[in-house]
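I have placed the structure first, in the form of structure tokens, so that the comments after it can refer back to it.
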Amino acid sequence: MRNIAVFASGRGSNFAAIARAVKAKKIHARLALLVCDNPHAGVIAKAKKAGVPVLLAVRSDFSSTRDYEAAIAERLKAHGVDVIVLAGFMRIISPLLISRFPNKILNIHPALLPAFKGSHAIADAFAYGVRVTGVTVHFVDQKMDHGPIILQEALAIRPKDTPAGLEGRIHRLEHVLYPKAIELVLRKQLSLRGRSVKITS
Ligand code: GRF
């Protein structure tokens, strides 16, 4: 059985969706660890409720990013983690950690990359007035919201949509798309050529 670690900083609705998918055997892996950098994050209670061990790793407790990530890497190793899933983790992962998990770190972004990078993607897309936005799951590389795209799904913005309504629909889509992408990675049903990800069956 392979082990996944979720990294999150906030309320953790994606964490909860992943935990549900593991329970329902839609993801064939153990949810081995939650790594959280924010002691006030709602995701911590969700992990405890799901019986998932929590590593609270606060960057300011360490003198450098190197030490910080080395401490995280040690715990990932102790839990036998194979795949890292970023779900609203508000820190950039450094090359140090990326190189230890080549093509084994995923991120989800609430827009159709490369449009609307950054941490206000839903509001930015809404304010821009796009007719279509969506969700992207991608491998993590050294640039923010940049790595090869695994899955993407579009969502049309309705004339009566509000930012809050759109946000709810985006999150519901995320909760379906992320488990699918994680399972593809776990089943090694992906091959990479440059930026291009091929899904094999
Ligand atoms: C999600 O919208 C995700 O796309 C983004 O951060 C948000 C996390 O939400 N990267 P939650 O904490 O999983 O509810």
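The values are calculated or read from the model by the stated rules, or taken from the named source; none is laboratory data. All values reported here derive from a predicted model rather than from experimental measurement. Positions of Cβ are generated from backbone atoms using ideal geometry, with glycine treated the same way; all protein chains shown enter the neighbour counts.
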Applying the selection to segment 30-68, what residues are assigned to a loop (DSSP other than H, G, I, E, B), under 19 Å from Leu97 (Cβ atoms) and away from the ligand (no atom under 15 Å from the Cβ)?
Pro53, Ala57, Val58, Phe62, Ser63, Ser64
Restricting attention to segment 8-19, which residues are more than 12 Å from Val52 (Cα to Cα) and not in a loop (DSSP other than H, G, I, E, B)?
Ala8, Ser13, Asn14, Ala17
Checking the condition within 16 Å of the ligand (Cβ to nearest atom) and within 14 Å of the chain's Cα centre (by Cα), which residue from Ile108, Ile122 passes?
Ile108
Residue list for segment 81-105, restricted to those being among the charged types (D, E, K, R) and within 12 Å of the ligand (Cβ to nearest atom)
Arg91
Has segment 17-31 got any residue that is in contact with a Pro (Cβ under 8 Å, 6 or more places away or on another chain), surrounded by 15 or more Cβ atoms within 10 Å (Cβ to Cβ) and either closer than 22 Å to Ser119 by Cα or at pLDDT below 95 (or both)?
yes
Ser9 meets each of (1) surrounded by fewer than 18 Cβ atoms within 10 Å (Cβ to Cβ); (2) under 15 Å from the mean Cα position of the chain (by Cα) with one exception, condition (1)
Qualifying positions in segment 152-201 - within 12 Å of the ligand (Cβ to nearest atom), free of Cβ contacts under 8 Å to residues at least 12 places away in the same chain and not small (Gly, Ala, Ser)
Arg172
